[in-house]
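Please read the structure below before turning to the comments.
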Amino acid sequence: MAFGEQPAYLRVASDLREKIVNGALPPRTRLPSQARIREEYGVSDTVALEARKVLMAEGLVEGRSGSGTYVRERPVPRRIARSGYRAGGGSTPFRQEQTAEGARGTWESRSEQEGASPEVAERLGIEPGDRVMRTRYVFREAGEPVMLSTSWEPLAVTGRTPVMLPEEGPLGGCGVVERMAAIDIVVDNVAEEVGARPGLAEELLALGGVPGHVVMVIGRTYYASGRAVETADVVVPADRYRIAYHLPVK
């Protein structure tokens, strides 16, 4: 087989990846053995092993103890729509962002106070070590983990108020806009920044991913008259979801 200038293991991985994508190696099919790859591509055992490692890191194949390496099912990406804040009966942003009609979203959360890290402090415009309320969420749709979120709110804003705990009290479970309005703070702007990175082990465990999977991270901050009142990192598995923005033209 004629190859270009790429390292041999990447060229072998690329050819096998193409076969997986075009269906020549369908889901649940056993990947050619190391010996078969060595023979078919004319490469060493080391190259064949490294090519298989690349496909495993990309989440295209999975190893089964005592059985071999198999092509994984490739999920059809679903959309998570984000359209900014929309008023309407105090429903949560998670519910607002569901794309399927009749979707039932549930979540688990845990809040605790901590000192702001330098990164969180910069995002909130406060000093490192200032007290914040950190809330961690696992969001599910039809029982399937959809996304994770960690939010931070400065206790200088919410401390000793009815909305200090985001998921408790009369406004528990409502969005940031409604909760801040209850303490006479008018949220007038929200900024989001989207990036991607390899998922952390604990994130992939919670989301049902495998080592090496990429996640999208949405860094979101709510502002009131230029002052940050909440910032959050929303983590979404990139192989299963796409972030779709629908923004009004003003």
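Quick notes on this structure:
- Proportion of all alpha-carbon pairs of the range 152-250 beyond 15 Å (%): 68
- Close amide H contacts of VAL146 (hydrogens built in the peptide plane, cut-off under 5 Å, sequence separation of 5 or more or a different chain): PHE139, ARG140, GLU141.
- Bins of 5 Å, starting at 0 and running to the largest distance - Cα pair percent for the range 98-200: 2, 11, 17, 21, 22, 16, 8, 3, 0
- The value of relative contact order for the chain, using C-alpha pairs under 8 Å at least six residues apart, is 17 percent.
- Principal-axis tilt of helix 45-57 within the chain, Cα atoms, nearest 10 degrees: 30
- Heavy-atom accessible area ranking, 1.4 Å probe, most first, across VAL177, VAL186: VAL186, VAL177
- Principal-axis tilt of helix 8-21 within the chain, Cα atoms, nearest 10 degrees: 70
- Using only side-chain charges placed at the Cβ, +1 for Lys and Arg and -1 for Asp and Glu, the dipole size of the chain relative to its Cα centre rounds to 820 debye.
- Helix-only mean residue ellipticity at 222 nm for the chain, each DSSP H run of n ≥ 4 adding -39500 (n - 2.57), per residue, nearest 500: -6500 deg cm²/dmol
- Estimated D of the range 1-77 in µm² per second, where Rh is the Kirkwood radius over Cα pairs and Stokes-Einstein applies at 25 °C, 0.890 mPa s: 195
- Extension gain, ASP130 back to ARG64 (0.36 nm per residue minus Cα-Cα distance, nm): 19.0 nm
- Here the spin labels are modelled as points 7 Å beyond Cα on the Cα-Cβ line, and at VAL21 and ALA191 they lie 3.6 nm apart.
- Most mobile of GLU50, GLU114, GLU39 in a GNM of the chain (Cα contacts under 10 Å): GLU39
- Average projected area [Cα convex hull, the chain], square nanometres: 17.9
The values are calculated or read from the model by the stated rules, or taken from the named source; none is laboratory data. What you are looking at is a predicted structure, and each value in this text was computed from that prediction instead of being measured. Glycine also receives a Cβ, built like all others from the backbone with ideal geometry; neighbour counts cover every protein chain displayed. Heads up: the accessible areas ignore ligands, DNA and RNA and are worked out on the full protein's heavy atoms, side chains in. Shrake-Rupley method; radii C 1.70, N 1.55, O 1.52, S 1.80 Å.
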